[in-house]
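The values are calculated or read from the model by the stated rules, or taken from the named source; none is laboratory data. Computed from a prediction, not measured in an experiment: that's the story for all the values here. Here the Cβ positions follow ideal geometry from the backbone for every residue, glycine too, while neighbour counts run over all protein chains shown. With ligands, DNA and RNA removed, areas are computed over all heavy atoms of the protein, side chains included. Shrake-Rupley method; radii C 1.70, N 1.55, O 1.52, S 1.80 Å.
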Amino acid sequence: MQRIIVTDSTSDLDPSFFEKHGIHVIPLSVTIDGKSYVDQIDMSSEEYIKYLAEGNHDLKTSQPALGQFVEKYEELMKDDVEIISIHLTSGLSGTVHTARQASEMVDGKITVIDSKSISWGLAYQIQYLVKWIEEGIPTEEIVKKLEKVQKNIKLFVIIGQLDQLIKGGRISKAKGIMGNLMKIKPIGEVVDGKLEMIHNVRTQGACIKQIISDLKPFVGNDKVEAVGISHADAEGFMHKFKEKLDETFNIGSFQLGHTSPVISTHTGTGAIGLILLKEGTY
């Protein structure tokens with residue numbers, strides 16, 4: 001039986017990759033001043049960041065509706081296939097929960113996977129998923145392998161503007177105002193799928209130094225398979241970070257780009273997202 005992958009619009013993979021491997025994408029949506037746009041179709045990550053930088057817009061992201069999943073799953077099941085549906089972490093969006101609900105409403109074998117990641121952390125898992133399906137590995141074994149991949153991923157976020165954390169209720173307004181005045185740059189880490197704030201630093205150099213310090217015991221003597229770095233109007237910072245990482249670790253490849261709307265809505269402009277995948281035996 002043919003296996004088909006379904007995912008969402010937050011992986012940062014190029015559309016040509018989806019087309020090549022027959023992957024179906026159910027996009028999230030972004031809302032700007034009450035007007036809704038389909039993520040990566042009506043609104044690119046780069047365009048969204050421009051609105052974010054202006055600072056005077058009401059910006060939100062929304063998960064796909066239950067009906068979108070049901071419709072897509074039913075459409076695919078007409079050809080008697082098996083579906084593997086993998087999505088951004090449930091710690092930042094209810095997308096996985098909605099996918100699971102839909103899978104219970106449609107006849108057929110549908111496996112829903114919480115990537116516990118986003119951006120290139122999700123992308124690397126999709127790439128492995130494609131590889132293992134092509135190799136004919138059973139779905140149940142693939143799920144276990146992906147759990148191992150997830151343990152080899154570290155995801156850090158450097159917050160650009162505290163205003164977004166205030167809006168999201170992660171810090172108080174008073175702390176946010178003080179932090180902005182002092183030019184504090186909080187560092188968050190996605191731990192078991194949830195964003196946790198772990199450090200406060202004041203300069204780009206200190207951010208890089210702190211994250212590299214956190215990564216060293218995680219990487220140990222292993223090689224780094226890949227590093228994805230995305231930015232929200234902070235390209236110079238991104239390249240500076242890449243240079244320091246390249247000096248410190250043995251890295252197989254880099255992927256660079258813009259943060260997705262789901263991340264940049266939390267982080268504001270000037271932010272960096274860093275995803276590191278170390279080599280492992282799966």
³J(HN,Hα) computed for each position of the range 75-92 - Karplus, 6.51 cos²θ - 1.76 cosθ + 1.60, integer Hz, glycine/proline x: 4, 5, 5, 4, 9, 6, 10, 9, 10, 10, 10, 10, 9, 4, 3, 5, x, 10
Alpha carbon centre of the range 97-159 versus the range 193-229: separation in Å? 23 Å
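Sort 9-18, 142-151 by the packing proxy (mean of other Cβ within 10 Å over each peptide's residues), most packed first. Write down the numbers at each step before the final one.
Details: 9-18: 19.0, 142-151: 16.2.
So the peptides 9-18, 142-151, ranked by packing, come out 9-18, 142-151.
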Stretchable slack from Asp192 to Val130, in nm (0.36 nm times residue separation minus alpha-carbon distance): 20.0 nm
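If I take R0 = 25 Å and measure r between the Cβ atoms of Asp246 and Asp14 in this structure, what FRET efficiency does the formula 1/(1 + (r/R0)^6) give, to the nearest 0.05? Walk me through the numbers on the way to the answer.
On the way: r = 23 Å, r/R0 = 0.90.
Rounded to the nearest 0.05, the efficiency is 0.65.
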With all protein chains in place and a 1.4 Å probe, Met43 shows an accessible area in Å² (nearest 10) of 10 Å²
Could you work out how far apart the two model spin labels at Gln101 and Asp80 are, taking each label as a point 7 Å from the Cα in the direction of the beta carbon, and quote it in nm? 3.2 nm
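Over the chain, average the accessible area per residue using a 1.4 Å probe and give it in Å², no decimals.
Values: 13240 Å² over 282 residues.
In whole numbers, the chain has 47 Å² accessible per residue.
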Per-residue SASA entry for Phe254, accessible area with 1.4 Å probe, Å² rounded to 10: 50 Å²
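What pairs from Lys109/Lys131; Lys242/Lys278; Lys116/Lys151; Lys209/Lys242 go past 18 Å between their alpha carbons? Can you show the working numbers first?
Values: Lys109/Lys131 20 Å; Lys242/Lys278 16 Å; Lys116/Lys151 10 Å; Lys209/Lys242 12 Å.
Result: Lys109/Lys131 exceed 18 Å.
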Mind grabbing the accessible area of Glu235 for me, 1.4 Å probe, Å², rounded to tens? 110 Å²
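Taking all protein chains in place and a 1.4 Å probe, what share, in percent, of the accessible surface of the range 2-151 do carbon and sulfur account for?
Numbers: 3230 of 7050 Å².
Its accessible area is 46 percent carbon and sulfur atoms.
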The rounded separation in angstrom of the Cα centers of the range 62-79 and the range 32-56 is 25 Å
Inter-label distance, nm, simple model (7 Å from Cα along the C-beta direction), Asp42/Asp222: 4.1 nm
Between 0 and 90°, nearest 10: helix 139-151 axis offset from the chain longest Cα axis: 10 degrees
